[in-house]
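K.L.:
Please find one structure pasted underneath; my questions will follow.
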Amino acid sequence: MKHARPTVLYAAAVRDAVGINASPGAVLVQQGRVVAAGEPGILPEGLVEQAEVIERPKHLLLPAMINAHTHLGLTSIGPQPFDPTGGFVGWVKTVRHHQRESDASRYGAGLASVKLGKEHLEQSGIQAVGDIAHHPGFALLRGSQLMGVTFVELFGLGAPHAPQDLETTVAKAEGLQPHAPYSAGPAVYEAAARSGLPVSTHLAETVDECVFVAECDGPQLSYLREIGKWDQSFSEHYGQGLTPVQWMRPYLETVADVGGWLVAHCNYVGDDDITILADTNTSVAYCPLASEYFGHKDHRYRDMLAAGINVCLGTDSIVGTDPDDPQPLGLLSAMRRLYQRDQTDPDTLLAMATNHGAKALRLGDNLATLQPGAPARFACISIDPESNADPFVQVLTGQNVIEAISFDLPA
């Protein structure tokens with residue numbers, strides 16, 4: 001949306017996670033950025049008099065959100081059922097089969113899948129994303145109104161990359177993602193940690209991963225042998241009784257002072273793991289609907305938050321989403337699930353969906369807020385303005401979808 005003049009949006013309520021909560025509310029926008037937000041009377045009169053007006057008298061206006069962990073390259077596969085008898089390894093085989101069937105491993109098809117995912121994000125009120133990609137060329141965020149980081153996925157338990165190949169990847173990438181401890185070994189993690197780029201990984205996602213790291217055994221080891229990616233020399237790095245978080249501690253410590261790692265899932269962590277994550281400035285991208293899809297229970301995100309860990313929200317891929325969800329890569333369904341299942345504090349949920357994601361992706365303190373200077377990108381959801389219920393609680397207990405409202409920043 002392009003507006004040469006200032007624009008004022010009047011809504012039943014406006015809210016962010018860092019102090020703005022007004023009902024009724026208004027937001028003044030100029031040149032693609034928020035000038036002021038809150039009660040209508042606080043807006044600068046001179047600019048309001050010049051402004052175009054957008055009325056949303058039956059809506060709550062929130063900052064557009066941040067999906068901190070997703071796989072846009074899998075979007076074209078669409079939602080698929082999970083067969084628990086095959087476990088996580090069986091699911092991986094299913095996804096790889098669909099990729100081969102759709103030719104999604106090819107660059108052109110993969111690019112089309114990312115574009116489709118990008119459309120899903122924009123339509124569901126997402127303004128920034130942490131995307132896990134197989135190729136640096138999938139970084140569609142460059143030159144786009146959609147912000148975030150494309151993490152290029154790295155594999156190899158030994159030394160899979162010639163030095164010049166890894167240097168080329170680092171030179172082209174916005175961020176790096178060693179896939180997971182069972183598929184990327186110390187050499188890959190060390191190279192990523194030393195790259196100076198934002199770094200992410202899957203960590204403590206499954207019981208199978210925990211068994212592989214601690215015992216050098218289990219379904220993950222069998223699968224690596226099956227696909228010809230295992231050499232017995234790799235075993236020296238595993239089987240020492242460590243948890244995945246303990247195993248990764250040296251690499252977490254390497255970047256603790258320059259933004260920290262963004263680790264996805266952390267479905268299986270103990271008290272010592274939480275202490276390590278907190279001490280190393282690590283952010284955790286919790287994907288609650290994906291965790292439930294795979295049958296994981298009792299995630300400790302609230303214990304992590306209490307320990308000072310920056311916990312944000314993601315969706316993982318579209319493969320594990322509800323086929324009836326109208327906005328499968330948005331975060332509204334995840335927030336509703338946590339509110340209704342765990343009675344999580346609404347302001348905490350809003351922070352996890354907005355400014356916590358900005359911190360995890362190293363995008364600055366003001367993104368995904370309604371504070372002056374923030375990009376004017378909003379999630380607008382209908383509510384009942386006559387109700388005595390808190391407007392955001394109405395959203396968390398309702399079924400209405402997000403209308404995305406976005407203003408272009410100057411070129």
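K.L.:
Which whole-number percent gives the relative contact order of segment 214-329, counting Cα pairs below 8 Å spaced six or more residues apart? Please list the in-between numbers first.
P.N.:
Details: 134 pairs, mean separation 23.5, N = 116.
For segment 214-329, the relative contact order is 20 percent.
K.L.:
What's the ranking of 15-21, 318-324 by average number of surrounding C-beta atoms within 10 Å, highest first?
P.N.:
Per-residue mean Cβ counts within 10 Å order the peptides as 15-21, 318-324.
K.L.:
While we're here: Using only the alpha-carbon atoms, what does segment 170-277 span along each of its principal axes? Please give whole angstrom values in decreasing order.
P.N.:
If we take the Cα atoms of segment 170-277, the spans are 36, 35, 21 Å.
K.L.:
Determine the sum of side-chain charges near Cys380: Lys and Arg each +1, Asp and Glu each -1, restricted to other residues whose C-beta is under 11 angstrom from that of Cys380.
P.N.:
On the way: positive: Arg56, Lys58, Arg377; negative: Glu403.
It works out to a net charge of +2.
K.L.:
Could I ask something else about it? In nm², what is the average projected area of the convex hull enclosing the Cα atoms of the chain?
P.N.:
Working: hull surface 78.8 nm².
Approximately 19.7 nm², given one-decimal rounding.
K.L.:
Sort 351-361, 125-135, 371-381, 62-72 by packing, meaning the average of other beta carbons within 10 Å per residue, with the highest value first. Show your work: numbers first, answer last.
P.N.:
Values: 351-361: 27.3, 125-135: 25.4, 371-381: 22.6, 62-72: 29.7.
The packing order, highest mean first, is 62-72, 351-361, 125-135, 371-381.
K.L.:
A further question follows. Give me the percent of the accessible area of the chain that comes from carbon and sulfur atoms, probe 1.4 Å, all protein chains in place.
P.N.:
The nonpolar share, carbon plus sulfur, comes to 49 percent.
K.L.:
Please determine, in degrees from 0 to 90 and to the nearest 10, the orientation of helix 332-342 with respect to the longest principal axis defined by the Cα atoms of the chain, where the helix direction is its Cα long axis.
P.N.:
Result, in degrees: 80.
K.L.:
Rolling a 1.4 angstrom probe over the protein heavy atoms, how many square angstrom per residue are accessible across the chain? Can you show the working numbers first?
P.N.:
Working: 16900 Å² over 411 residues.
Ligands and nucleic acids excluded, the figure is 41 Å² per residue.
K.L.:
Among 180-188, 393-401, how do they line up from the highest to the lowest mean number of other beta-carbon atoms within 10 Å? Don't jump to the answer; show the numbers that get you there.
P.N.:
Working: 180-188: 22.6, 393-401: 16.1.
Peptide ranking by packing, descending: 180-188, 393-401.
K.L.:
Rg/Rh for segment 206-338: what does it come to with C-alpha atoms and Rh from Kirkwood?
P.N.:
Values: Rg = 16.3 Å, Rh = 16.2 Å.
Over the Cα atoms of segment 206-338, Rg/Rh equals 1.00.
K.L.:
Give me a comma-separated list of calculated 3J(HN,Hα) values for segment 171-183, in order, Karplus coefficients 6.51, -1.76, 1.60 applied at θ = phi - 60°, integers in Hz, x for any Gly or Pro.
P.N.:
With coefficients 6.51, -1.76 and 1.60, one gets 5, 9, 8, 8, x, 10, 9, x, 4, 6, x, 8, 10 Hz.
K.L.:
Keeping all protein chains in the complex and leaving out DNA, RNA and ligands, what accessible area do you get for Ile405 with a 1.4 Å probe, in Å² to the nearest 10?
P.N.:
About 10 Å², rounded to the nearest 10.
K.L.:
For the chain, what is the percent of antiparallel DSSP beta bridges, rounded to the nearest 5?
P.N.:
Numbers: 22 of 57 bridges.
For the chain, the DSSP antiparallel bridge percentage is about 40.
The values are calculated or read from the model by the stated rules, or taken from the named source; none is laboratory data. Note that the structure is a prediction, hence the values are computed from the model and not measured. Ideal geometry is used to build each Cβ from the backbone, glycine not excepted, and the neighbour counts take in all protein chains shown. Protein only, heavy atoms only, side chains kept; ligands, DNA and RNA dropped before computing areas. Shrake-Rupley method; radii C 1.70, N 1.55, O 1.52, S 1.80 Å.
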